[in-house]
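The values are calculated or read from the model by the stated rules, or taken from the named source; none is laboratory data. These figures come from a predicted structure and were not determined experimentally. Using ideal geometry, Cβ is built from the backbone for each residue, glycine included, and neighbour counts are taken over all protein chains shown. Protein only, heavy atoms only, side chains kept; ligands, DNA and RNA dropped before computing areas. Shrake-Rupley method; radii C 1.70, N 1.55, O 1.52, S 1.80 Å.
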Amino acid sequence: MSKTYEGGVPLAEVVRSGFVEGLHRGSVVVLDASGAVRAAAGDVASPVFPRSCGKPLQAVGMLRAGLRLADPADLALVAASHDGEDFHETRVRALLATAGVTESALRCPPDLPLGEAARTALLRAGGGPTRLRMNCSGKHAGMLLTCLAAGWPVDGYWRPEHPLQERLRATVTELTGESVAAVGVDGCGAPVLAVSLTGLAGAFLRLVAAAPGSPERAVADAMRDHPEQVGGTDARDTRLMAGVPGLLAKFGAEAVQAVAIPGVGAVAIKVDDGAPRALMPVLASALGRLGVTAPVLGELADQPVYGGGEPVGAVRAIW
């Protein structure tokens, strides 16, 4: 595998008043149910940082290391990039309380809710940024609880050399079938592990195709059964999993997206300029190559371009 991502090809165009004013370049891979490449564009073999698309894989590693959660909704939250709504904060706080851990133990930085409505409501109520509201707080809570279950120190749980992170790296290597090409610091402070888009898509396919009761299937089922914990009331991942039967979806920062459907296949996308508005048109096009259609895909793929407060064009897939 190459050590440098070579960049993508035009995947989507920005049309304003019938004029193409820009292009979004990137890479996309489509796997069939067997894991074979059905279609691809751009560089799908070189490593990229999958950002939060790696959370479901890390959640599998936590279960393998001894994490036990009574409620599958908590497991969905551990694999989430949640919007920081009130019900997310409540669940993360309760999850920490089961182990006698407080918010101060979380390494993720304080933040406001991602969703505009929740953010506005919190600020109007006199609230401010907290670690519990940060979109990765569920993952960090899961990491803390895993350390306690495994008998590992909680100090430095986020550092790459910690036993927890070494175990999670081994899990990512196994699920993707690739060696981790680079270890970086994600936005939340925890490690982010570079793998290829092909490896990422293959890992998601393994999660949805795993045997019932396995850690892989437990994560996939928890996320699909509780999509509101993975995203939020109106988040893309939530709407995708609610609207496409069997689909597992996870968004990552810098415009990365991975999805998989058992018996159908998987898709992984990276938009080079980090613009998430290009993801859904490209995803709808990619899933169409697997014969997957659903009203929600059309709704999310409709990314309007505005002029004077009115729609005057759209971002549309050209791949």
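List of remarks:
- Cross-chain or 6+ apart pairs with Cβ under 8 Å, segment 100-122 first and over 14 Å from residue 154 (Cβ atoms), then buried (at least 16 other Cβ atoms within 10 Å of the Cβ) and of a type in the set (Asp, Glu): 113/83; 113/85; 114/83; 115/83; 115/85; 118/83; 118/85
- Subset of segment 32-65 (residues that are of a type in the set (Gly, Ala, Ser), over 14 Å from the mean Cα position of the chain (by Cα) and closer than 27 Å to residue 214 by Cα): 33, 34, 35, 36, 61, 65
- Number of residues in segment 248-269 that are open to solvent by less than 30 Å² (accessible area, probe 1.4 Å) and in contact (Cβ under 8 Å) with a residue 40 or more places away in the chain equals 15.
- Selected residue [on the phi < 0 side of the Ramachandran plot and open to solvent by 20 Å² or more (accessible area, probe 1.4 Å)] from 182, 194: 182
- From the options 237, 225, 221, residue that is more than 12 Å from residue 56 (Cα to Cα), surrounded by fewer than 22 Cβ atoms within 10 Å (Cβ to Cβ), acidic (Asp, Glu) and touching a residue at least 40 places away in the same chain (Cβ under 8 Å): 225
- Selected residue (criterion: surrounded by the fewest Cβ atoms within 10 Å (Cβ to Cβ)) from residues of segment 274-298 that are touching a Gly at 6+ places or on another chain (Cβ under 8 Å) and not β-branched (Val, Ile, Thr): 295
- Any hit, segment 138-154, residues being within 17 Å of residue 230 (Cα to Cα), hydrophobic (A, V, I, L, M, F, W, C), part of a loop (DSSP other than H, G, I, E, B) and open to solvent by less than 40 Å² (accessible area, probe 1.4 Å): no
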